[in-house]
1. Counting just the residues of the stretch 97-125 that are surrounded by fewer than 16 Cβ atoms within 10 Å (Cβ to Cβ) and in a loop (DSSP other than H, G, I, E, B), which one comes out modelled with the lowest pLDDT?
2. Kindly indicate whether ALA135 is outside any strand (DSSP E or B), more than 15 Å from TYR40 (Cα to Cα), touching a residue at least 24 places away in the same chain (Cβ under 8 Å) and touching a strand residue (DSSP E or B) at 6+ places or on another chain (Cβ under 6 Å).
3. So if I check each of ALA174, ALA150, which one is without any contact (Cβ under 8 Å) to a residue 60 or more places away in the chain and either within 17 Å of HIS128 (Cβ to Cβ) or among the polar types (S, T, N, Q) (or both)?
4. Under 8 Å by Cβ, and 6 or more places apart or on different chains, what pairs join a residue from the stretch 61-74 that is under 17 Å from SER89 (Cα atoms) with one that is assigned to a helix (DSSP H, G or I)?
5. Among residues belonging to the stretch 140-189 that are aromatic (Phe, Trp, Tyr) and assigned to a loop (DSSP other than H, G, I, E, B), point out the one that is nearest to the chain's Cα centre (by Cα).
6. Tell me which of these ASP217 doesn't satisfy, since it passes every other one: (1) without any contact (Cβ under 8 Å) to a residue 24 or more places away in the chain; (2) within 24 Å of ASN161 (Cβ to Cβ); (3) surrounded by fewer than 12 Cβ atoms within 10 Å (Cβ to Cβ).
7. Give ARG169, ARG193 a once-over and let me know the one that is of a type outside the set (A, V, I, L, M), touching a Leu at 6+ places or on another chain (Cβ under 6 Å) and more than 25 Å from GLN93 (Cβ to Cβ).
8. Filter the stretch 51-75 down to residues that are at pLDDT 95 or above, surrounded by fewer than 19 Cβ atoms within 10 Å (Cβ to Cβ) and in a loop (DSSP other than H, G, I, E, B) and give me whichever is nearest to the chain's Cα centre (by Cα).
Amino acid sequence: MKRSTALLAVLLVILFPAKLFSAKIVKNTITSQGIKRTYYLFVPDTVAAATPAPLILLLHGSGRNGLSLVEKWQDIAKKQGFILAGPDSLDSQAWRSPEDGPEFFHELIESLKSKYPIDERRVCLFGHSAGAVYALFISRMESEYFAGTAVHAGSLPSSANSLMEQAKRKIPIAIFVGTNDTFFPLPVVRATRDALNSRGFSVQLTEIKGHTHWYYDRAPEINRSAWEFLGKCRLEEAPRYQEYRLGK
């Protein structure tokens, strides 16, 4: 066992030599389902080749792109040593299936795992607004692939709450919302929490007093709290991806 561990460490150093990571946000593309997709990647230079790092997939809000979240997360990612990937949705105004996932996310993450030292049991989701709603949706579909989910300003419509019963694993979920958010009012967000918890989940809800829907000014505070939650999330077994053919 010790010999195998030592061999793995050597292979990781060969595959991911020191100083490989530039600690800059890089705009990249990947072809998924025949379509070229854009994503923004941040791999901090604090990531050690021999110690696989967590990865957080960031889902942006309406009218934004992946860069808008990666920029806000890069400071804590560098300090704590985890990798960020912020894909663009096909339509910047919304996230939709099957165009935007889960197949696209799976292909992107597996591609990144082949190039960077990523801990496959610590791949998590974070979403804001429209991205938050979609992150909750994907959490149901890929509960055995993602270790945990944190969202800011998002909820599920009451008609979709029952879909969470289909989740094969009670994926850890944290929701952050402002008490003055007019897009996702407290009663609606609390209803999502209660509906999920009634189905066996343990959703953590943080209500930020006086905060509105605007994420960007308070991103450092929100991201620190989200990382405190996501940093503890880990799959007990190797990730399992469930293939879906939605709309086909």
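1. PRO98
2. Yes, satisfied.
3. Just one listed residue meets the conditions, ALA174.
4. Short answer, once both residue conditions are applied: GLY61/SER68; GLY61/ALA130; GLY61/GLY131; GLY61/ALA132; SER62/ALA130; SER68/TYR216; LEU69/GLY131.
5. PHE146
6. The number of the failed condition is (2).
7. Values: ARG169 fails: touching a Leu at 6+ places or on another chain (Cβ under 6 Å).
The unique qualifying residue is ARG193.
8. Here the residue is ASN65.
The values are calculated or read from the model by the stated rules, or taken from the named source; none is laboratory data. These numbers come from a predicted model, not from an experiment. All Cβ positions, even for glycine, are placed from backbone atoms using ideal geometry, and neighbour counts span all protein chains on display.
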